[in-house]
Amino acid sequence: MIRHLLSGADLDAATATLVLDTAAEMATVAGREVKKLPALRGRTVVNLFYEDSTRTRISFEAAAKRLSADVINFSAKGSSVAKGESLKDTALTLQAMGADAVVVRHPASGAPHRLAEWVDGSVVNAGDGTHEHPTQALLDAYTMRSRLGRLDGLHVAIVGDVLHSRVARSNVLLLSTLGAKVTLIGPPTLIPVDIAAALAPGTDVCYDLDAVLPDVDVVMMLRVQRERMGDSYFPSAREYARRYGLDGPRMRRLPEHAIVMHPGPMNRGMEITPEVADSPRSTIVEQVANGVSVRMAVLYLLLGGNNR
Amino acid sequence: MTAYLITGVSVVGGEPTDLLIRDGMVAAVGDGLAADDATVVDATGLVALPGLVDLHTHLREPGREDAETVESGSRAAALGGYTAVCAMANTSPVADTAGVVEQVWRLGREAGLVDVQPIGAVTVGLAGERLAELGAMADSAAGVRIFSDDGHCVADPRLMRRALEYVKAFDGVIAQHAEEPRLTEGAQMHEGEVSTRLGLTGGPAVAEEAIIARDVLLAEHVGSRLHVCHVSTAGSVEVLRQAKARGVRVTAEVTPHHLLLTDAKAESYDPVFKVNPPLRTAADIAALREALAEGVIDIIATDHAPHAVEDKECEWAYARPGMLGLETALSIALDVFGPRWDLIAERMSRTPARIAGLTGHGVDPAPGVPANLTLVDPAARRVIEPAELASRSRNTPYARMTLPGRIVATFLRGEPTVLDGKAVK
């Protein structure tokens, strides 16, 4: 098993599949009356969050606690970090406290890579800047596999602000590794340059959502921040929704079996309408539940739980 | 003053001969020279070059003496084979008045390791809003002739036009940091495949090329001299090639790191590789090397940019851009171009001295010229250890790389600043 999980590219097909299979076992714990395993008893997991992210932090916290690890939540606000302590000094502090794993969320791309150079424990990237969010990609893959039965050969459309999306980058990497085909859809201003060469050669780019919908098994809508309008990425929320939002009529162009995903939090009415978000095709709530199982699997495997 | 007899030395790649230095000048060049009062320097196997001249150095004093001082930067320069450096204006306070440029000039004289020629800011506080007192800096003891807002682009086209025109009165030159700021807002590295993969905001090559294209047209329009700092893209090379073919009075520099390192270095997220302009692609490097060999790019300039440890040992986005360069520049030139001594002398000494108007520098050793020269051991190879550098900072991108060439000695007006590879003071 790898030591850190910093990028979707850290996982080869066998390792990624092991994580998903382990997550499926972990999911059975959630159905028990006592939702706890002793696997990481005596181990310390630090949640180091430099950005507000209630859902991801809670998900990691629940995962670690269900494995009986000791959890320390270290949020940048109100801590020494807010007083200007450097990432390196924070790393050395966590090191001195004996953290076995550090789960880090940071606004700067690459911060988890830097952290991994300074601590002995495992580092899990819980989202860094506009770079990656590998456990989100794992839980998305897990959700697709449990709904559709496979990943190999699936056609996945990822729609929206790919340029600023760490979710998209990790998903492109992981889905390609697992044999799915990815088409990225959005206005040209929000598709980063050379994306296929940068991430996965088989990746397609399309600017026309309607043209792709009849051909996909999964459509994943990305959150689009309204502030992007100010930077002229698109003219207005209304125009964005009209061209790239997923509404009822568009959803009905999907094949019968296709599912709709969203990493949350949603902008209802912007990239997705309530009709779609609340439809049976939507996996949005399931994704949250699966997040805990997948993060349990990641922590379990990184901390050597499989060697016991 | 001591006399020095340098024996068995190849002058700019020529057949081995002897050089006699006396009273600050080269007294004689020829075989079998003798002088009883002279200290003999056995230079068998070494190459003498005119002392290198750097048109683009950040010495950080006044303001960031924790990162570099005029003295520590001068020592790094001498160890790199330099006898003159041009100190950039983005100090704190900014070198935008006669007082600050004279201070830097005086500190350089006191250090006495290289000639420190201050560069003046184009605009007050580098703010890009109104002209600094360019004439006062030109008339000061520092005798400023190069003006630059380096670190910032003079983006306002009307202000740039005025600056280019105004300095004609005293044969000044505007050295432009070519970067259209609206195209590089938030930029952390070169925009391309690697920035996409790393999720770091990219700055496109066109941000540099668009300003160079505008500026060569402005310089042509007003008949002024323009110097382009740290050219980094293949597209910029094409703009310069066309401008020069039309007869525009433009010169350009390239840094050692832009001749050697690509944006792939950012994959480590180690900000020691963060620099502005950013490291570009292999295709850009090939175009820059060709342009420098042909003379479309006139010179190598280091853009030596020392930064304190805490400004580099952090997240990429929070780190300051810039790299050390003085102590490794000649080695990079040798690595890239091999022992093409005439080319190296031209691009690293003669032409930069001419652009800066530094008489007495950039002249090949010959009887009657000032003894500003450096001795290079081309056969030596060395491993770059950051802790061993003379700079106060450690942000070299070449850490633990093995590079060719070593500076054995440097002479400034006949006095050694470096002997046996060590700084004399």
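The values are calculated or read from the model by the stated rules, or taken from the named source; none is laboratory data. A quick note: this is a predicted structure, and the numbers were derived from the prediction, not measured. Note that we place each Cβ from the backbone using ideal geometry, even for glycine, and neighbour counts take in every protein chain shown.
May I ask you to list the residues in segment B:111-144 that are assigned to a loop (DSSP other than H, G, I, E, B) and over 23 Å from B:G80 (Cβ atoms)?
Within segment B:111-144, B:A121, B:V122, B:A127, B:G128, B:E129, B:R130, B:A132, B:E133, B:S140, B:A141, B:G143, B:V144 qualify.
From the list A:M220, A:M270, the one residue that fits, being crowded, with 21+ Cβ neighbours inside 10 Å and not assigned by TED's automatic domain parsing to the domain that holds A:V123, is A:M220.
With respect to (1) away from chain B (no Cβ under 14 Å); (2) more than 20 Å from the chain's Cα centre (by Cα); (3) closer than 22 Å to B:T201 by Cα; (4) not aliphatic (A, V, I, L, M), the lone exception for A:P201 is condition (1). Tell me yes or no: at least one residue of segment B:103-118 is farther than 25 Å from B:H361 by Cα and in the same structural domain as B:T302 (by TED's automatic domain parsing). No; the residues of segment B:103-118 include none that is farther than 25 Å from B:H361 by Cα and in the same structural domain as B:T302 (by TED's automatic domain parsing).
On the phi < 0 side of the Ramachandran plot, assigned to a loop (DSSP other than H, G, I, E, B) and crowded, with 21+ Cβ neighbours inside 10 Å - does that describe any residue in segment B:34-44?
Yes, that holds for at least one residue.
Can you tell me which residue in segment B:288-300 is farthest from the other protein chains (Cβ to nearest Cβ), limited to those that are surrounded by 21 or more Cβ atoms within 10 Å (Cβ to Cβ) and within 11 Å of B:L259 (Cα to Cα)?
Residue satisfying both the conditions and the ranking: B:I300.
Does B:P416 satisfy being of a type outside the set (D, E), surrounded by 18 or more Cβ atoms within 10 Å (Cβ to Cβ) and not in a loop (DSSP other than H, G, I, E, B)? It is true that B:P416 is of a type outside the set (D, E), surrounded by 18 or more Cβ atoms within 10 Å (Cβ to Cβ) and not in a loop (DSSP other than H, G, I, E, B). Looking only at segment A:114-164, which residues are over 18 Å from the mean Cα position of the chain (by Cα) and within 14 Å of another protein chain (Cβ to nearest Cβ)? Of everything in segment A:114-164, those that are over 18 Å from the mean Cα position of the chain (by Cα) and within 14 Å of another protein chain (Cβ to nearest Cβ) turn out to be A:R114, A:L115, A:A116, A:E117, A:W118. When you scan segment B:270-278, do you find a residue that is among the acidic types (D, E) and touching a Lys or Arg at 6+ places or on another chain (Cβ under 7 Å), even just one? Taking every residue of segment B:270-278 in turn, none turns out to be among the acidic types (D, E) and touching a Lys or Arg at 6+ places or on another chain (Cβ under 7 Å).
Being surrounded by fewer than 24 Cβ atoms within 10 Å (Cβ to Cβ), polar (S, T, N, Q) and assigned to a loop (DSSP other than H, G, I, E, B) holds for only one residue in B:S92, B:S10, and it is B:S92. Within segment A:127-160, the set of residues being crowded, with 24+ Cβ neighbours inside 10 Å and either of a type in the set (D, E, K, R) or without any contact (Cβ under 8 Å) to a residue 24 or more places away in the chain (or both) comprises A:D128, A:E132, A:D140. A Cβ distance below 9 Å, combined with a sequence gap of six or more or placement on separate chains, defines the contacts here; from segment A:80-99, residues that are on the phi > 0 side of the Ramachandran plot reach residues that are modelled with pLDDT of 90 or more and surrounded by 12 or more Cβ atoms within 10 Å (Cβ to Cβ) in the pairs A:G98/A:T44; A:G98/A:G121. The number of residues in segment A:173-205 that are free of Cβ contacts under 8 Å to residues at least 40 places away in the same chain and in a strand (DSSP E or B) comes to 6.
The single residue among B:D96, B:D115, B:D42 that is among the acidic types (D, E), out of contact with any Lys or Arg (no Cβ under 9 Å at 6 or more places or on another chain), within 30 Å of B:R340 (Cβ to Cβ) and modelled with pLDDT of 95 or more turns out to be B:D42. Tallying residues that are without any contact (Cβ under 8 Å) to a residue 40 or more places away in the chain, buried (at least 20 other Cβ atoms within 10 Å of the Cβ), farther than 24 Å from A:G8 by Cα and of a type outside the set (D, E, K, R) within segment B:168-211 yields 2.
Of A:L209, A:L190, all but one fail to be of a type in the set (A, V, I, L, M, F, W, C), touching a Phe, Trp or Tyr at 6+ places or on another chain (Cβ under 8 Å) and within 14 Å of chain B (Cβ to nearest Cβ); the exception is A:L190. Restricting segment A:207-229 to residues that are touching a Gly at 6+ places or on another chain (Cβ under 9 Å) and not acidic (D, E), the residue that is farthest from B:R197 (Cα to Cα) is A:L209. Taken together, the residues in segment B:116-128 that are surrounded by 24 or more Cβ atoms within 10 Å (Cβ to Cβ) and either farther than 12 Å from B:G151 by Cβ or β-branched (V, I, T) (or both) amount to 6.
Being more than 14 Å from chain A (Cβ to nearest Cβ), within 23 Å of the chain's Cα centre (by Cα) and within 19 Å of B:I285 (Cα to Cα): is that true of B:S224 here? Against the criterion (more than 14 Å from chain A (Cβ to nearest Cβ), within 23 Å of the chain's Cα centre (by Cα) and within 19 Å of B:I285 (Cα to Cα)), B:S224 does not qualify.
Of the residues making up segment B:95-115, those that are among the small types (G, A, S), surrounded by fewer than 24 Cβ atoms within 10 Å (Cβ to Cβ) and under 28 Å from B:A155 (Cα atoms) number 2.
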